[in-house]
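The values are calculated or read from the model by the stated rules, or taken from the named source; none is laboratory data. A quick note: this is a predicted structure, and the numbers were derived from the prediction, not measured. Cβ atoms come from the backbone with ideal geometry, glycine included; neighbour counts cover every protein chain shown. In case anyone asks, the SASA skips ligands and DNA or RNA and just uses the protein heavy atoms, side chains included. Shrake-Rupley method; radii C 1.70, N 1.55, O 1.52, S 1.80 Å.
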Amino acid sequence: MCYSLLKKIVFQLNPETAHGVTLRGLRLMHQLGLTRFFPKIKAAPREIMGLIFPNPIGLAAGLDKNGEYIDALAALGFGFIEVGTVTPKPQDGNPRPRLFRLLEQEALINRLGFNNKGCDALVENLKRTKYKGILGINIGKNKTTPLENAIEDYLTAYRAVVPYASYITVNISSPNTEGLRDLQHGELLRSLLCTLKQEQAQFMATQKKHVPLVVKIAPDLTESELQNIAEILLAEKVDGVIATNTTLSRVGVENSPYAKEAGGLSGKPLFEGSTQIVKQLKVLLQNRIPIIAVGGISTGQDANEKLAAGASLLQVYTGLIYQGPALIKHMASVIPAQE
Ligand SMILES: Cc1cc2nc3c(=O)[nH]c(=O)nc-3n(C[C@H](O)[C@H](O)[C@H](O)COP(=O)(O)O)c2cc1C
């Protein structure tokens, strides 16, 4: 069935139900062996952070929070998959409705609030997966954990999932957990990263496996805030940065009936602001830390703009919902091979 027809049907459902139905459908197709008929994605290997990515197009965090659909999602041809955000303990997230489709703008607003089954459940799912490709695991803190104890939550999550990860993403940029974005600044950021880098070294020493540590930042940062963040990322020798998470801005969606819903905006209206952050980071990080760009990519041209802005790798979420899996093949066909 072509995606435009599937979209017509599932878009009749509320967005969160549609999400579950589509993913369960994809998993069933995979279990029945049908995903082997999916188009193959052109190989365009890139070595970034010491890992070899078969192509630069990844699945962004949040779509498969509990690692329940990894094998089926891998069949779509992603060069890498990021699961999570996972928190140490399971939590329900915010009350529904908490996900809204802004059809005209090809955007979403979500305030899910890290609904996830917790680290133990994720680990059980990871043990079952057959996927051997690059797997990012995105970690966060529980809602009930006060900010002053946030580091303990990140450490607990890190220790639980690191044996299964190709890289770990420290999510300090979701707008739906009160205070989380404060971790992007000053001493809070410095001590969080310092602790996790020590843990990374410890894991390397005992397990002989380097697991890159990546930080995911928000698009809603002033120039001086971004400059401070970049200084800390360089000082702490972080391995990568993901730019960006969803935005609190409503520029470009003012006319939508959902514009006033609380939460993070993703998709096309995020593209420009998020790309600006990539451009600024490229200068601030002096090519010493690779950038993974995410935010509003919905065409091959968008993908190339992000790469031109300074990204080494890309991720998609909302574009996939609106364009379907053909987006991955299209992006792969227009991205030039790495020099
Ligand atoms: C419904 C939804 C849930 C998300 N959940 C997470 C999450 O748990 N952790 C995270 O780091 N980012 C999460 N994100 C942000 C995406 O990973 C991505 O950074 C953002 O949506 C911008 O990319 P896009 O415009 O391609 O969607 C979520 C996004 C959406 C739309």
Quiz item: Of the accessible area of the stretch 139-196, with the probe set at 1.4 angstrom, what percent is carbon plus sulfur?
Solution: 51
Quiz item: Between ASP92 and SER224, how many nm apart are label points set 7 Å from Cα along the C-beta direction?
Solution: 4.3
Quiz prompt | Rough spin-label spacing in nm, given labels placed 7 Å along Cα→Cβ, for ALA262 and ARG24 | solution = 3.0
Quiz item: Which FRET efficiency, nearest 0.05, do GLU104 and ALA326 yield, Cβ-Cβ r, R0 22 Å?
Solution: 0.55
Practice problem: If a/c stays under 1.5 just call it rounded; otherwise compare a/b with b/c (prolate if a/b is bigger, oblate if not). Do that for the stretch 81-161, with a ≥ b ≥ c from the square roots of the Cα gyration tensor eigenvalues. | Solution: oblate
Self-check item: the stretch 232-339: C-alpha gyration tensor shape, a/c 1.5 cut-off, then a/b vs b/c
Solution: oblate
Self-check item: FRET efficiency, 1/(1 + (r/R0)^6) with R0 45 Å, evaluated for LYS209 and LYS279 via beta carbons
Solution: 0.85
Self-check item: DSSP beta bridge pairing in the stretch 186-324, given as percent antiparallel to the nearest 5
Solution: 10
Quiz item: Which values of log₁₀ I(q)/I(0), to two decimal places, follow from the Debye formula for the stretch 111-157 at q = 0.17, 0.26, 0.27, 0.32 Å⁻¹ with a uniform point scatterer at every Cα?
Solution: -0.61, -1.07, -1.11, -1.26
Quiz prompt | Gain upon complete extension [ALA337, CYS2; 0.36 nm per residue less C-alpha separation] | solution = 117.7 nm
Exercise. Could you grab the relative contact order for the chain? Cα pairs under 8 Å, six or more apart, rounded to a whole percent.
Key: 17
Quiz prompt | Shape of the chain, Cα gyration tensor, a/c cut at 1.5 | solution = rounded
Quiz prompt | Amide H within-cut-off set for ILE48, under 5 Å, with H built and near neighbours excluded | solution = PHE53
Quiz prompt | Beta bridges per DSSP with both ends in the chain, % antiparallel, nearest 5 | solution = 30
Quiz item: Label LEU147 and GLN12 with points 7 Å out from Cα along Cα→Cβ: what is the distance between them in nm?
Solution: 4.6
Practice problem: Would you kindly calculate the mean projected area, averaged across all directions, of the convex hull enclosing the Cα atoms of the stretch 155-274, in square nanometres? | Solution: 8.3
Exercise. Return the FRET efficiency for the residue pair ASN287, ASN255: r is the Cβ-Cβ distance, R0 is 30 Å, and the value is rounded to the nearest 0.05.
Key: 0.15
Quiz prompt | Table column - 3J(HN,Hα) (Hz), the stretch 8-24, Karplus curve with 6.51, -1.76, 1.60, x for Gly and Pro | solution = 4, 6, 6, 6, 6, 7, 5, x, 6, 5, 4, 4, x, 4, 5, 5, 5
